[in-house]
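FYI, it's all coordinate maths here, none of it is from the lab. This one's a predicted model, so the numbers in the text were calculated from it and none came from an experiment.
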Amino acid sequence: MGRGRQKAKQTKVARKLKYFSPETDYAALERELIAARQKQNADYDEYDIPPATDEDDWRDYH
């Protein structure tokens, strides 16, 4: 395949990707994030380490 045809094909693929916008399943995203958080908390429970929270004061560590 010549360079011109190759570049044209790459441009076509790039344009297709640029304007492609799939439907976002926010419910599935929420389930995935909740599952990841629960796994992270379970890992902390295994070692009796409390998970970090937003309320933790970062100044305690400096």
### Query
Which lysines have a Cα lying under 18 Å from the Cα of Lys18, excluding residues fewer than 8 positions away in the same chain?
Lys7, Lys9
#### Entry: Backbone HN-Hα couplings from phi across the range 11-21 [Karplus 6.51/-1.76/1.60, Hz, Gly and Pro as x]
5, 4, 5, 4, 5, 4, 5, 4, 9, 7, 9
